[in-house]
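Notes for the one structure printed next.
The values are calculated or read from the model by the stated rules, or taken from the named source; none is laboratory data. Note that the structure is a prediction, hence the values are computed from the model and not measured. A quick note on method: Cβ atoms are made from the backbone with ideal geometry, for glycine too, and the neighbour counts reach across all protein chains shown. SASA here: full protein model, heavy atoms, side chains in, ligands and nucleic acids out. Shrake-Rupley method; radii C 1.70, N 1.55, O 1.52, S 1.80 Å.
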Amino acid sequence: MIREQLHNVLEEIPEHVTLVAVSKTKPVSAIEEAYAAGQRHYGENKVQELVEKAEQLPKDIHWHLIGHLQSNKVKYIAPFVALIHSVDSLKLLLEINRQAAKNNRVIPVLLQFHIAQEETKFGFSFEEIRELLNSDEFKNASNIRIDGVMGMASFTDDEALIRKEFKLLKTYFDELKSTFFSEKNHFSICSMGMSGDYKIAIEEGSTMIRVGSSIFGSR
Ligand SMILES: *Cc1c(COP(=O)(O)O)cnc(C)c1O
């Protein structure tokens, strides 16, 4: 079941798009099934759940933290996390930098933008990012690497609205790329698209989709 659903999603996405299988709330056995089918990137939105699963599963899995992250929890994932999608404050970014240094590594992160109409979604505005990237604190943070942007569209049936929000995120990505990261090849990730909207996201330039229920079933 999981294997088939995984393949159905993979069949629909072009090669340049990375699939992060969102395994939150699902048991280790579900991940093992997808792992056996070849899937290596997994996304979790809670630190404790991510750590517990990582301990039980093969070490070549790339673990993505996709949910809101509290600064005091960064230390638990800093030794091994592959990518943090949900950086939404300078304070959090600096704590990731501090914990990465302690672990002698560079942690790749994405800047989360607020693109949805809804008030509740976390994320920066473009002005805030511009300020952050120009700050000395950021320039001195040598143990983080900004690999791109992430955003979530509104939870709605209104396809035109979803498309507009993804377009906006892609504009932000392009603008940051040309202004701040033109010589940085690693700045290449536009993380957008979930089960309900990843096809639209890919049409609008997504390079990384985060898909849970279409692979593992509803939660
Ligand atoms: C849960 C979650 C997803 C996956 O959602 P599905 O609709 O199950 O595909 C993607 N991104 C984030 C940030 C999430 O929290």
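Structure data summary
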quantity	calculated
Simple spin-label estimate for Arg98 and Glu52 in nanometres, 7 Å along Cα-Cβ	2.7
List Met192, Met1, Met152, ordered by accessible area with a 1.4 Å probe, largest first	Met1, Met152, Met192
The range 45-87 and the range 159-219: distance between their alpha carbon centers, rounded to Å	21
Asn8-Asp157 FRET efficiency (beta carbon distance; Förster radius 22 Å; 0.05 resolution)	0.50
Residue-span extension gain [Glu15 to Ser178] - 0.36 nm each, minus C-alpha spacing	56.3 nm
With DNA, RNA and ligands ignored, accessible area of Thr207 (1.4 Å probe; Å², nearest 10)	30
Accessible surface, per residue, of the range 87-142 when the full set of protein chains is kept, probe 1.4 Å, Å²	53
Percent accessible area from carbon and sulfur atoms, the range 2-216, protein chains only, probe 1.4 Å	48
Share of alpha-carbon pairs per 5 Å distance bin for the range 2-216, given as whole %	1, 7, 16, 19, 20, 17, 12, 6, 1, 0
Among Glu49, Glu33, Glu12, residue whose mean-square fluctuation peaks in a GNM of the chain (springs only between Cα atoms under 10 Å)	Glu12
Calculated FRET efficiency for the pair Gln117/Arg219, C-beta based, R₀ 25 Å, to 0.05	0.60
